[in-house]
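Down below is the structure, laid out as structure tokens.
The values are calculated or read from the model by the stated rules, or taken from the named source; none is laboratory data. Note that this is a predicted model, so its numbers are computed, not measured. For neighbour counting, all protein chains shown are included, and Cβ atoms are generated from backbone atoms with ideal geometry for every residue, glycine included. Side chains are part of the model used for accessible areas, which takes the heavy atoms of the whole protein and leaves out ligands, DNA and RNA. Shrake-Rupley method; radii C 1.70, N 1.55, O 1.52, S 1.80 Å.
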Amino acid sequence: MAMMMATGEVLGHKKYGEHYHSLTIVAPDIGERVKPGQFVNIRCGEDRSNILRRPFSVYRVHKRGGWASTIEIVFDLQGPGTRYLSQLRGHSIVDLIGPLGRGFALPKRRAHCLLVGGGIGAAPLFFLADELRNEGHRVDVILGARNSGLLLNQIDARRLASVCRITTEDGSAGDNGRVTDILDETIEKCQTEVIYTCGPHPMLDAVTKVAVSHRIPVQVAVEELMACGYGVCMTCVMPLRKPVKTTKESSKKDGGAGEEDAFVYARSCTEGPVFNGAHVIFNGTPDLVSDVELAPAGTPIRQSPIGDLDDELAPPGN
Amino acid sequence: MTNSHHPGTDVGEPDLSVQLGSISLSNPILVASGTFGAGREGSNFIDVSKLGGIIVKSMTLNPWKGKPTPRMTETPSGMLNAIGIQNKGVDHFLAEDLPWLMKREATVFASIAGNTVEEFVRVADKLRTGARGIAGVEVNISCPNLEDRNNMFSHSTTSTAAVVEGVKKALPRVPVFPKLSPNVTSLPEIASAALEAGADGLSLINTVFGMAIDIETRRPKLAGTMGGLSGPAIRPIAVRAVHEVHRAFPHVPLIGQGGVADATDALELMLAGASAVAVGTMNFVNPRSARDICAGISTYMKTHRLTDLSELVGALKLED
Ligand SMILES: Cc1cc2nc3c(=O)[nH]c(=O)nc-3n(C[C@H](O)[C@H](O)[C@H](O)COP(=O)(O)OP(=O)(O)OC[C@H]3O[C@@H](n4cnc5c(N)ncnc54)[C@H](O)[C@@H]3O)c2cc1C
Ligand SMILES: Cc1cc2nc3c(=O)[nH]c(=O)nc-3n(C[C@H](O)[C@H](O)[C@H](O)COP(=O)(O)O)c2cc1C
Ligand code: FES
């Protein structure tokens with residue numbers, strides 16, 4: 001693991017569209033190492049009222065050699081943490097930990113990649129698109145949001161994508177509706193082989209269901225509440241359908257929530273935030289896990305060009 | 001970059017070593033259970049051998065899955081958590097974590113948990129095989145007791161005594177520190193029960209019961225409804241608890257914890273009577289907290305011309 005504590009310096013802060021802010025931070029050690037889908041955990045001030053760091057996906061990276069590489073994050077104002085960040089200006093010092101988490105698995109051969117982003121959740125997909133394009137993959141994009149003001153960087157999305165589709169729930173830009181309304185037709189039109197998605201969990205769930213129905217591997221980047229961001233607190237877990245069948249003996253009552261070995265809790269900060277969508281139980285209160293509608297266990301996924309990320313997963317714990 | 005706090009490496013660097021009962025620690029700052037895993041992740045930031053000690057995540061007889069999410073919510077100067085002791089079990093600790101920690105010469109405190117007295121005792125039994133690498137055991141009795149209508153062990157003198165007695169029998173030669181919950185009417189009463197049952201020292205405090213409600217959804221913010229409050233918000237409660245127990249049992253070694261963020265906070269707990277201090281939630285914010293706190297204590301010793309930290313333990317001045 002290459003995570004580290006770093007002191008970055010703000011190179012620039014700008015308003016980004018109607019709602020969002022962008023911070024470019026000189027953080028060479030992180031900039032040189034970070035992969036698409038990874039994130040940084042930022043300390044938003046020294047005072048002790050809101051102590052926890054805030055996690056942000058890396059939106060863009062500018063490698064400028066060992067000394068001046070920058071990372072860029074985009075965010076919308078939510079509460080005290082993002083308000084603090086929105087007040088930073090050039091030369092402000094930023095206390096960061098990164099790069100954190102497991103990023104997106106990239107195709108091992110040339111592939112048609114469809115990137116589906118919702119609202120500010122699209123942030124890591126831009127870094128991913130840059131990287132996929134550099135490696136010669138075809139990139140198509142669907143961006144969705146409640147209204148046009150909440151679409152993240154339409155201009156770059158159009159520039160990076162062979163096909164770029166926009167949806168808004170109020171019809172103020174692109175198609176009226178949700179990303180999933182046009183997902184089937186886009187997959188068919190673009191002959192999509194891999195889907196990458198990030199946004200609200202109900203959207204990830206819906207995109208995953210469509211991907212699974214097309215037998216396309218789907219990589220989802222989740223956002224869970226995180227206290228530490230580096231794997232020690234166990235607050236950020238996502239329930240994953242257990243890839244390996246365990247013996248009946250190991251699933252007897254041993255405290256905690258009714259122990260059924262149908263799922264494991266994986267830390268989204270270290271084993272994620274990118275997971276194989278087909279393994280994630282999105283709306284699962286795990287006590288009720290058997291009631292949750294899932295793709296049936298072992299749903300065959302089309303021969304994946306990206307390999308099965310989750311096969312390499314370390315079992316959750318600590 | 002690496003700031004060494006080895007006693008004696010620099011001329012004039014104060015010696016931070018302390019005695020916690022029979023245990024010699026190179027410095028008084030430990031990391032608290034559940035806030036540093038078993039050291040692997042944290043070792044990206046800090047040398048685990050330089051910690052006063054690492055109290056590992058509580059372990060149970062079999063792996064525990066833990067509670068549903070959300071498990072955490074931030075609160076003023078702290079956080080509420082309801083993790084449900086997600087852990088891989090004592091066998092995993094013995095096979096994977098302990099050898100890793102021993103190789104790095106870390107001072108290890110095993111933390112054990114269970115839902116029945118028997119479970120605690122069976123974990124302790126298993127730990128005997130690893131006793132060589134374990135400096136002490138913390139007993140996390142802030143667990144629901146299935147045999148007592150799910151009341152927490154730590155809230156009853158009889159349950160506390162039963163667990164401590166069983167664990168002590170299984171590990172007669174390892175110092176045992178029951179970890180007390182502050183959510184009781186009389187802490188000295190519980191402390192007394194633990195000590196009579198054979199505890200070598202006490203650890204206090206565990207998290208403070210709390211709850212938060214989302215006013216939009218009208219639901220609790222934690223899936224577990226209630227949770228444990230930790231972080232700077234609870235420090236005055238920890239100081240009070242350590243003070244109260246130290247006054248009642250001045251010769252009992254105490255591990256103080258709760259809300260420690262910097263050297264001032266750690267020294268406050270030592271003055272109240274703690275021989276060692278564990279830092280918890282602040283590890284999430286600053287994984288190098290323990291190291292930074294030691295540096296601060298060094299500075300304090302220099303300014304106050306202290307040569308022996310144990311002079312501070314319980315050195316609170318009271319007028320009465
Ligand atoms: C891996 C990851 C990547 C993220 N990337 C981005 C990004 O690129 N841009 C962006 O705008 N936001 C991103 N978020 C969400 C971002 O962390 C929150 O918006 C931010 O923490 C809000 O802090 P606040 O103090 O302004 O708001 P508050 O709502 O006051 O925060 C209170 C607490 O809730 C946590 N929190 C609130 N919202 C979220 C959320 N959606 N996910 C996780 N924790 C949350 C905070 O960290 C804090 O502990 C990401 C979250 C994760 C887990
Ligand atoms: C996320 C989290 C997990 C914890 N897990 C455990 C645990 O497994 N066993 C235990 O005895 N205490 C556990 N604790 C309690 C801490 O060890 C510590 O006693 C408490 O948080 C108070 O210290 P602090 O305010 O410095 O965090 C946990 C605390 C937190 C915040
Ligand atoms: S945020 Fe602490 S383990 Fe993931």
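Just a few scattered comments:
- Considering B:SER24, B:SER33, B:SER77, the condition of being among the small types (Gly, Ala, Ser), modelled with pLDDT of 95 or more and farther than 30 Å from B:ALA233 by Cα is satisfied by B:SER24 alone.
- Meets criteria (touching a helix residue (DSSP H, G or I) at 6+ places or on another chain (Cβ under 8 Å), hydrophobic (A, V, I, L, M, F, W, C) and open to solvent by 10 Å² or more (accessible area, probe 1.4 Å)) for B:LEU61: yes
- Any chance B:GLY273 is touching a residue at least 40 places away in the same chain (Cβ under 8 Å), open to solvent by less than 10 Å² (accessible area, probe 1.4 Å) and closer than 20 Å to B:GLY34 by Cα: no
- The requirement of being outside any strand (DSSP E or B), open to solvent by less than 10 Å² (accessible area, probe 1.4 Å) and within 14 Å of chain B (Cβ to nearest Cβ) is fulfilled nowhere in segment A:61-75; no residue meets it.
- Evaluating A:TYR84 against the criteria (1) touching a residue at least 24 places away in the same chain (Cβ under 8 Å); (2) under 20 Å from the mean Cα position of the chain (by Cα); (3) within 14 Å of chain B (Cβ to nearest Cβ); (4) within 16 Å of ligand 1 (Cβ to nearest atom) leaves one unmet condition, (2).
- Flag if A:GLU32 is part of a helix (DSSP H, G or I), more than 26 Å from B:ASP262 (Cβ to Cβ) and at pLDDT below 95: yes
Residues are listed down the side, and each one gets a yes or a no for (1) surrounded by 15 or more Cβ atoms within 10 Å (Cβ to Cβ); (2) within 14 Å of A:VAL207 (Cβ to Cβ); (3) under 20 Å from the mean Cα position of the chain (by Cα):
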{"residue": "A:VAL139", "(1), (2), (3)": "yes, no, yes"}
{"residue": "A:SER148", "(1), (2), (3)": "yes, no, no"}
{"residue": "A:ILE155", "(1), (2), (3)": "no, no, no"}
{"residue": "A:ASP170", "(1), (2), (3)": "no, no, no"}
{"residue": "A:LEU183", "(1), (2), (3)": "yes, yes, yes"}
{"residue": "A:GLU188", "(1), (2), (3)": "no, no, no"}
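- Whichever residue in segment B:228-265 is within 17 Å of the chain's Cα centre (by Cα) and part of a loop (DSSP other than H, G, I, E, B) and, among such residues, is farthest from ligand 1 (Cβ to nearest atom): B:VAL252
- Single residue of B:PHE209, B:PHE177 found to be open to solvent by 10 Å² or more (accessible area, probe 1.4 Å) and assigned to a strand (DSSP E or B): B:PHE209
- Unique match (being in contact with a Pro (Cβ under 9 Å, 6 or more places away or on another chain), open to solvent by 30 Å² or more (accessible area, probe 1.4 Å) and farther than 22 Å from B:LYS169 by Cα) among B:THR69, B:THR107: B:THR69
For (1) touching a strand residue (DSSP E or B) at 6+ places or on another chain (Cβ under 6 Å); (2) under 24 Å from B:PRO76 (Cα atoms); (3) within 14 Å of chain A (Cβ to nearest Cβ); (4) away from ligand 1 (no atom under 16 Å from the Cβ), each residue gets a yes or a no:
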site	(1), (2), (3), (4)
B:LYS179	yes, no, no, yes
B:GLU189	no, no, no, yes
B:ASP200	yes, no, no, yes
B:LEU204	yes, yes, no, yes
B:MET226	yes, yes, no, yes
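- Filtered by the rule that a residue be touching a Leu at 6+ places or on another chain (Cβ under 7 Å) and more than 14 Å from chain B (Cβ to nearest Cβ), segment A:1-16 gives A:GLY8, A:VAL10, A:HIS13.
Okay, residues lined up against (1) within 14 Å of another protein chain (Cβ to nearest Cβ); (2) touching a strand residue (DSSP E or B) at 6+ places or on another chain (Cβ under 8 Å); (3) within 16 Å of ligand 2 (Cβ to nearest atom):
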| site | (1), (2), (3) |
| --- | --- |
| A:ILE195 | no, yes, no |
| A:SER213 | no, no, no |
| A:VAL218 | no, yes, no |
| A:VAL222 | yes, yes, no |
| A:MET234 | yes, yes, yes |
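- The combined condition, being of a type in the set (Gly, Ala, Ser) and farther than 24 Å from B:THR107 by Cα, is not fulfilled by B:ALA290.
- When segment B:224-269 is filtered for residues that are open to solvent by less than 20 Å² (accessible area, probe 1.4 Å) and among the polar types (S, T, N, Q), the ones remaining, listed by number, are B:SER230, B:GLN257.
- Yes/no for B:SER111 being closer than 15 Å to B:LYS179 by Cα and near ligand 2 (Cβ under 10 Å from one of its atoms): yes
- Any hit, segment A:212-225, residues being within 16 Å of ligand 3 (Cβ to nearest atom) and open to solvent by less than 30 Å² (accessible area, probe 1.4 Å): yes
- All positions within segment A:30-43 that are surrounded by fewer than 21 Cβ atoms within 10 Å (Cβ to Cβ) and touching a Pro at 6+ places or on another chain (Cβ under 9 Å): A:ARG33, A:LYS35
- Flag for A:ASN153 being over 19 Å from A:ALA111 (Cα atoms) and touching a helix residue (DSSP H, G or I) at 6+ places or on another chain (Cβ under 7 Å): yes
- Just one of the numbered conditions (1) under 29 Å from A:PRO202 (Cα atoms); (2) outside any loop (DSSP other than H, G, I, E, B) is not true of A:ASP95: (1).
- The residue pairs whose first member lies in segment B:162-180 and is farther than 8 Å from B:ALA124 by Cβ, whose second member is of a type in the set (Phe, Trp, Tyr) and assigned to a helix (DSSP H, G or I), and whose beta carbons are closer than 6 Å, counting only pairs six or more residues apart or on different chains, are B:VAL163/B:PHE120; B:VAL163/B:PHE153.
- Qualifying positions in segment B:130-152 - more than 17 Å from B:ALA194 (Cα to Cα) and in contact (Cβ under 8 Å) with a residue 40 or more places away in the chain: B:ALA131, B:ILE134, B:ALA135
- Hey, A:LYS242 within 14 Å of chain B (Cβ to nearest Cβ) and away from ligand 1 (no atom under 16 Å from the Cβ) or not: yes
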